[in-house]
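These notes are about the structure you will find just below.
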Amino acid sequence: MTRPSGVPVLELTDVFKEYPGRPPVRALEGVSFRVDEGEMVAIVGPSGSGKSTLLNVIGTLDRPSSGDVRVGGYDIASMNDRRLSAARSTLIGFVFQQFHLVPTLTALDNVATGLLYRGVGPTERRFAAYEALLRVGLGHRVSHLPKELSGGERQRVAIARALVNDPAIILADEPTGNLDSRTGDQIMDLFRGLNDAGATIVVITHDRELAETLPRQVRVRDGHVEHDSSLKNNHALEVTS
Ligand code: ADP
Ligand code: MG
């Protein structure tokens, strides 16, 4: 699937999400922001602020109750579930705190599973997987099983799996949450390098200190955007120009 160019990679407009219950929980209350190609953004907020709900909505794993979500220019609401699952693998590369690797598969095959929905043959899949592992500095660990890898190496495999489809966005949920701080810093350096090379990256975190190391922060609280550092910067630019 080719992606429209010149549109924001991600655009949320007045997104609400309500979970049914008595009373219902309003997890998102009018969230709007956009992410352009090549950006690296932290979505940061305390526990209960709506981060996981946002992750699910951005990641097209859940639909908003109302509002507009566009990923890679595609209107998520207009897609049926089958089209959405097909689109998801090309639009979004997920990286999770818990890595979510298949324990019985080598690093190479874990990464190659990222291409299962692309209709490419096994040889081509493995070649692309090897290239992705090279990009994350794991060319020497291709035939290791997850249990034979360190935490940082496992997360690199997961990042390679996210990269292998060349997705519109890499969406990382607390990617350093299971790592010691030094290894976590190395993973963030890896993300920075990928971003320098053109990848659009969204990191969801509760860690404000980590968020501050990224070029842009979107701060959420009680289901709404409390502060978006890019808007502050835009304003500053307007004032000084
Ligand atoms: P965070 O990830 O920032 O901790 P969440 O998105 O998980 O925040 O939760 C936001 C709010 O929505 C919280 O008040 C939470 O209790 C509520 N919530 C999350 N998931 C559900 C659900 N499936 N059903 C009902 N309420 C939920
Ligand atoms: Mg959460």
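The values are calculated or read from the model by the stated rules, or taken from the named source; none is laboratory data. All values derive from a computational prediction rather than experimental measurement. Don't worry about glycine lacking a Cβ; one is built from the backbone with ideal geometry, like all the others, and counts go over all protein chains shown. For accessibility, only protein heavy atoms count, side chains too; no ligands or nucleic acids. Shrake-Rupley method; radii C 1.70, N 1.55, O 1.52, S 1.80 Å.
Looking at the range 158-174, which of the residues that are outside any loop (DSSP other than H, G, I, E, B) and small (G, A, S) is surrounded by the most Cβ atoms within 10 Å (Cβ to Cβ)?
Ranking the qualifying residues of the range 158-174, first place goes to A160.
Only one residue in D62, D75, D109 is within 16 Å of ligand 2 (Cβ to nearest atom) and of a type in the set (D, E). Which one?
Residue meeting the stated conditions: D62.
Among the residues here, R192 qualifies as surrounded by fewer than 20 Cβ atoms within 10 Å (Cβ to Cβ) and closer than 24 Å to V218 by Cα.
Among the numbered conditions (1) within 16 Å of ligand 1 (Cβ to nearest atom); (2) touching a Leu at 6+ places or on another chain (Cβ under 6 Å), the only one that A160 does not meet is (1).
Does at least one position in the range 83-100 carry a residue that is more than 22 Å from M188 (Cα to Cα), touching a residue at least 24 places away in the same chain (Cβ under 8 Å), within 16 Å of ligand 1 (Cβ to nearest atom) and not acidic (D, E)? No, the range 83-100 has no match at all. Restricting G193, G139, G177 to those that are of a type in the set (G, A, S), under 20 Å from I204 (Cα atoms) and in a loop (DSSP other than H, G, I, E, B) reduces the list to G177.
Counting only residues that are closer than 13 Å to H224 by Cα and either of a type in the set (S, T, N, Q) or away from ligand 2 (no atom under 14 Å from the Cβ) (or both), the range 30-51 holds 5 of them. Here R221 clears all of (1) closer than 30 Å to E18 by Cβ; (2) surrounded by fewer than 19 Cβ atoms within 10 Å (Cβ to Cβ); (3) more than 16 Å from ligand 2 (Cβ to nearest atom); (4) at pLDDT 95 or above except the condition numbered (3). Filtering the range 35-44 to residues that are more than 13 Å from V220 (Cβ to Cβ) and surrounded by 16 or more Cβ atoms within 10 Å (Cβ to Cβ) leaves V35, E37, E39, M40. Of all residues in the range 172-213, those satisfying the criterion of being within 16 Å of ligand 1 (Cβ to nearest atom) and charged (D, E, K, R) are D173, E174, D207, R208. Looking across the range 101-130 at every residue that is loosely packed, with under 15 Cβ neighbours inside 10 Å and hydroxyl-bearing (S, T, Y), the one that is modelled with the highest pLDDT is identified as T104.
Residue-level check: of (1) free of Cβ contacts under 8 Å to residues at least 60 places away in the same chain; (2) buried (at least 17 other Cβ atoms within 10 Å of the Cβ); (3) closer than 22 Å to V218 by Cα, D14 misses just (2).
Select from the range 45-82 the residues that are assigned to a loop (DSSP other than H, G, I, E, B) and open to solvent by 40 Å² or more (accessible area, probe 1.4 Å) and write down the one among them that is farthest from ligand 1 (Cβ to nearest atom). Explain how you work it out, then say what you get.
Of the range 45-82, the ones assigned to a loop (DSSP other than H, G, I, E, B) are 45-50, 59-65, 72-73, 79-80.
Now narrow it down to the ones that are open to solvent by 40 Å² or more (accessible area, probe 1.4 Å): 46-48, 61-63, 65, 80.
On the way: P46: 7, S47: 4, G48: 4, L61: 12, D62: 9, R63: 13, S65: 12, N80: 22 Å.
Only one residue fits best here, namely N80.
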